[in-house]
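Note sheet for the following structure.
The values are calculated or read from the model by the stated rules, or taken from the named source; none is laboratory data. Remember, predicted model here, so these are calculated numbers, not experimental data. No Cβ is skipped: glycine too gets one built from the backbone with ideal geometry, and neighbour counts run over all protein chains shown. We work out accessible area using only protein heavy atoms, side chains counted, and drop any ligands, DNA or RNA first. Shrake-Rupley method; radii C 1.70, N 1.55, O 1.52, S 1.80 Å.
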Amino acid sequence: MNQRADEVRHVAIVGGGTAGWMAAAALGRAFSRPGGLAVAITLIESEAIGTVGVGEATIPPIRQFVKSLGLAEDDFIRSTAATAKLGIAFKDWNGPGSDYFHGFGDYGPTVAGQAWRQYLFRLKAEGRIDGLDAWSVPTTMARAAKFAPPAEDPRSVLSHFSYAYQFDAGLFARRLRTLAEGLGVMRREGRIEGVDRDGESGLVRALKMQNGSEVAADLFIDCSGFRGLLIEQTMRAGYEDWTRWLPCDRAVALPCAATCPPEPITTATARDAGWQWRIPLQHRVGNGYVYSSHHVDDQVALDDLLGQIEAPPLAEPNRLRFVTGRRREAWKGNVVALGLASGFVEPLESTSINLIQTGIGRLLELFPDKTFDPALIREYNRRSAQEFERIRDFIVLHYHLARREGAMWDQCRSTPPPDTLAAKIDLFRARGEVGLLEDESFRDDSWTAVFTGLGVWPRRVTPLVEIEPLDAVERQARQFAQLIARAVAALPDHSIHFTGYSR
Ligand code: FAD
């Protein structure tokens, strides 16, 4: 390959958590050439520091990431102890005993130019149906613990959904490491103790290791976790704090043994001062309580979690502190932050790993040369900020509209949401439309699942849908729901589908 003088020749990735190894595998793949890597890639990690050790639920684009690495799905599932995830069950968000489901799919096809959910809104307004679940294939599948991959024929009702994975974060990083090292990525173990910068440009020149050696590179990818070793401690990129909308700032995680076959569902149960996750894997269940330290103290939160989990814990509690928000500049100079170093929106909709994936995609698209053109950096930061903000709004929606009682919940309800979210809430109330913006991670049907799950229905539907005779719409809706129920009933159980992969 011909190289120009100003091309990036060496990339250093700081950190070997999920973000570091995802970046190493994806860049390794992108720069892989028959004779080896076109750009040298070194990943530095410190076993003594360790990783955050959580992050096990994902959203559907993860499948594209796995595929893009050339990993076969059965290899991936076996090596990460993964299960399928069809969506999230939200329990107790509208008070004890309430529940709703955000399934990864739509509420039916487009009929006469209108989304089918608009017809369903009309039936709901007329008192003909109670909710939308019967028209969501993934919700119906999840509730029956059934699973098969989506049908390829777009005419099949079973093509109207997607799925993600629930996996062991440690095994995921290990699998990616094997892959990246196989592609020629070099790994260095050791603690980075200092950073050498160019006096004139301010660019990072080299990392100073504890053993006195140095790692020089042209481009540095900061995957060092919450500490933001390069992006914050060195480059001072700044941080935008979103705690006023999303008050949870701590979590405690505890895995336990499974007491039943794994379901294709992540569960998020609202609690007095936050919410609790349950993520079933092939070999264990991940549990955690995400909470606001202003509303519960650490010991009470841990005791609360211990009292809720279905079996004795398999490990010591993993306690985590965080500030929900985003780095003001995810890319500054020759440092690009990925993963927790770039920001963190609490994990209610399992979005962090997806943000790593999209960050890597954007970096490859805007990959710089050694001049680090500010236009590329501006564009990267603009899109990164938008994507974070759209996710923030989606998560704030859950807290702001929840009808649960309690001090933290009252505070979330009474805090005015970001303007971009307030506009979406108004539009949905008026017409059942969402008004998606650029760089949204979740589409209309996902927003619809949460709005309606939290009891918000449109005041009116589009007049085009009201033209149809109501009885005919209801008849069609019932037929459609029956079709889904029958198709789902014929599918194998999720656990049977995954038995072939069980360890
Ligand atoms: P880390 O895992 O913290 O890795 C940092 C790396 O940097 C480590 O290898 C460390 O050794 C290295 N390092 C740091 N400093 C130095 C140094 N001085 N020298 C050498 N090496 C150094 N995401 C999801 O998508 N789904 C979820 O369900 C989900 N749940 C979460 C629950 C909680 C409570 C939290 C806090 C996060 C959750 N996340 C989730 C986010 C997810 O865990 C992270 O996005 C993901 O693990 C990436 O972390 P990371 O690689 O950025 O950082």
Worksheet entry | Efficiency of FRET from Cβ geometry, Ala490 and Arg244, R₀ 45 Å, rounded to 0.05 | 0.40
Practice prompt. At a Cα cut-off below 26 Å, give the lysines reachable from Lys424, other chains included and same-chain residues fewer than 8 away excluded.
Written response: Lys91, Lys124
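So if R0 is 41 Å, what FRET efficiency would Arg205 and Asp75 give, r being the distance between their Cβ atoms, rounded to the nearest 0.05?
On the way: r = 39 Å, r/R0 = 0.96.
For R0 = 41 Å, the calculated efficiency reads 0.55.
Go through 428-441, 331-344 and give me the packing order, highest mean Cβ count within 10 Å leading.
Working: 428-441: 16.4, 331-344: 27.4.
Ranking, from highest mean packing down: 331-344, 428-441.
Give the percent of DSSP beta bridges with both residues in the chain that are antiparallel, rounded to the nearest 5. Let's see the in-between values first.
Values: 52 of 73 bridges.
In the chain, approximately 70 percent of DSSP beta bridges are antiparallel ones.
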Worksheet item: When the Cα centres of the range 165-223 and the range 373-399 are compared, how far apart do they sit, in Å?
Response: 25 Å
Worksheet item: Dipole of the chain (Lys/Arg Cβ +1, Asp/Glu Cβ -1, origin at the Cα centre): which of Tyr239, Val465, Ser213 lies farthest to the positive side?
Response: Val465
Worksheet, complete the sentence: What helix-only [θ] at 222 nm does the chain give? Using -39500 (n - 2.57) per DSSP H run of at least 4, over all residues, to the nearest 500, the answer is -10500 deg cm²/dmol
Worksheet, complete the sentence: Charge dipole of the chain built from unit charges on the beta carbon (Lys, Arg +1; Asp, Glu -1), centred at mean Cα; most positive-end Cα among Ala481, Ala337, Phe442 is Ala481
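Give me the dipole magnitude in Debye, nearest 20, for the range 250-321 about the Cα centre, with unit charges on the beta carbon: positive for Lys and Arg, negative for Asp and Glu.
Values: 6 positive and 8 negative charges, 48 e Å.
Dipole size: approximately 220 debye.
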Worksheet item: Of Leu464, Leu281, which has the most accessible area and how do the rest follow, probe 1.4 Å?
Response: Leu464, Leu281
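Where both residues lie in the range 250-321, what percent of DSSP beta bridges are antiparallel, nearest 5? Show your work: numbers first, answer last.
On the way: 22 of 22 bridges.
Roughly 100 percent of the beta bridges in the range 250-321 run antiparallel, per DSSP.
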Worksheet item: Based on the mean of other beta carbon atoms within 10 Å per residue, what is the order of 320-326, 257-263, most packed first?
Response: 320-326, 257-263
Fill in: Relative contact order %, the range 1-111, counting alpha carbon pairs below 8 Å whose residues are six or more apart
19 percent
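So what is the relative contact order of the chain, in percent, for Cα pairs below 8 Å that sit 6 or more residues apart?
About 22 percent, as a whole number.
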Discussion item. Given the whole protein assembly as supplied and a 1.4 Å probe, what does the accessible area of Arg197 come to in Å², nearest 10?
Written reply: 100 Å²
Worksheet item: Accessible surface of His283 in the full protein assembly, 1.4 angstrom probe, to the nearest 10 Å²?
Response: 80 Å²
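If you place +1 on the Cβ of every Lys and Arg, -1 on the Cβ of every Asp and Glu, and leave all else neutral, what size is the dipole of the chain about its Cα centre, to the nearest 20 Debye?
440 debye
Can you work out the FRET efficiency for the pair Glu365 and Arg431, with r the C-beta to C-beta distance and R0 = 45 Å, to the nearest 0.05? List each step's numbers first, then the result.
Details: r = 35 Å, r/R0 = 0.77.
E(calc), rounded to 0.05, equals 0.80.
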Worksheet, complete the sentence: For the range 250-321, the Cα-Cα pair-distance distribution in 5 Å bins from 0, as whole percents, is 3, 18, 31, 24, 15, 6, 2, 0
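Dipole magnitude of the range 1-99 about its Cα centre, charges +1 at Lys/Arg Cβ and -1 at Asp/Glu Cβ only, in debye to the nearest 20? Please list the in-between numbers first.
Values: 9 positive and 10 negative charges, 73 e Å.
Approximately 360 debye in magnitude.
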Worksheet item: Ordering Arg188, Arg236 from largest to smallest accessible area (1.4 angstrom probe), what's the sequence?
Response: Arg236, Arg188
Discussion item. Students often get this wrong: which residues of the range 284-310 have the backbone nitrogen under 19 Å from the point 7 angstrom along Cα-to-C-beta of Ala258?
Written reply: 284-288, 309-310
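Beyond 21 Å, what share of the Cα-Cα pairs of the range 393-503 remains, rounded to the nearest whole percent? It would help to have the intermediate numbers written out before the result.
On the way: 3522 of 6105 pairs.
Summing the P(r) tail past 21 Å for the range 393-503 gives 58 percent.
What do you get for Rg/Rh over the chain if you use C-alpha atoms and the Kirkwood form of Rh? Intermediate results must be reported in sequence, preceding the final value.
Numbers: Rg = 23.5 Å, Rh = 24.0 Å.
Using only Cα positions, Rg/Rh for the chain is 0.98.
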Practice prompt. Order these peptides, 466-475, 451-460, by their mean beta-carbon neighbour count within 10 angstrom, highest first.
Written response: 451-460, 466-475
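Anything in the chain that counts as a DSSP H helix reaching 24 Å or more along its axis (C-alpha) with Kyte-Doolittle mean of at least 0.0? List them, would you? Can you show the working numbers first?
Working: long enough: 374-401 (40 Å, -0.59); 470-489 (28 Å, 0.15).
Span-like helices here: 470-489.
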